[in-house]
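Each remark here refers to the structure printed beneath this line.
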Amino acid sequence: MAYRDWSPAMAARSTPRPCSGSATPTTSPPRAPYHDGEISVAEAARRLGCSTGVIYYWIQAGQLDTRRGPGNRLCITWNDPIQAACRDRVTTSGHLNPRSPAHRAPPPLSPP
């Protein structure tokens with residue numbers, strides 16, 4: 001049917017009719033993705049002041065325990081000792097805390 005054939009009477013005939021039976025699917029309430037003592041990768045990065053890439057690296061290196069939750073989310077086991085160990089890793093890392101130019105040794109002098 002072309003647009004020129006359309007009329008308001010046709011629109012009135014094509015209005016949707018109510019469905020018979022239940023139109024809404026029955027679903028269970030959404031599950032919380034994290035158990036007590038678990039946090040997300042983004043939350044760990046936020047608490048430590050580093051990037052999510054650092055957290056993913058630690059997970060891949062086996063330095064953080066994780067499990068896969070609903071929706072394939074990574075759930076990191078988290079408590080005070082783990083947070084303290086991660087903070088120590090952040091503060092002692094040369095990659096995460098590069099020395100500022102003022103603290104670097106000056107380049108060697110070349111002979112004249």
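Values in this text are rule-based calculations from the coordinates and carry no lab data. A quick note: this is a predicted structure, and the numbers were derived from the prediction, not measured. Neighbour counts run over all protein chains shown; Cβ positions are idealised from the backbone, glycine included.
So here's what we get for this one:
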item: Efficiency of FRET from Cβ geometry, Asp36 and Val90, R₀ 22 Å, rounded to 0.05; result: 0.35
item: Full-extension gain in nm, Asp80 to Thr27, via 0.36 nm per residue minus C-alpha separation; result: 15.4 nm
item: Simple spin-label estimate for Thr52 and Asn72 in nanometres, 7 Å along Cα-Cβ; result: 1.4
item: Footprinting exposure proxy for Thr66, Thr27, Thr77 (fewest neighbouring C-beta atoms within 10 Å first); result: Thr27, Thr77, Thr66
item: Ala61 versus Leu109: modelled label distance in nm, points set 7 Å from Cα along the beta carbon direction; result: 3.9
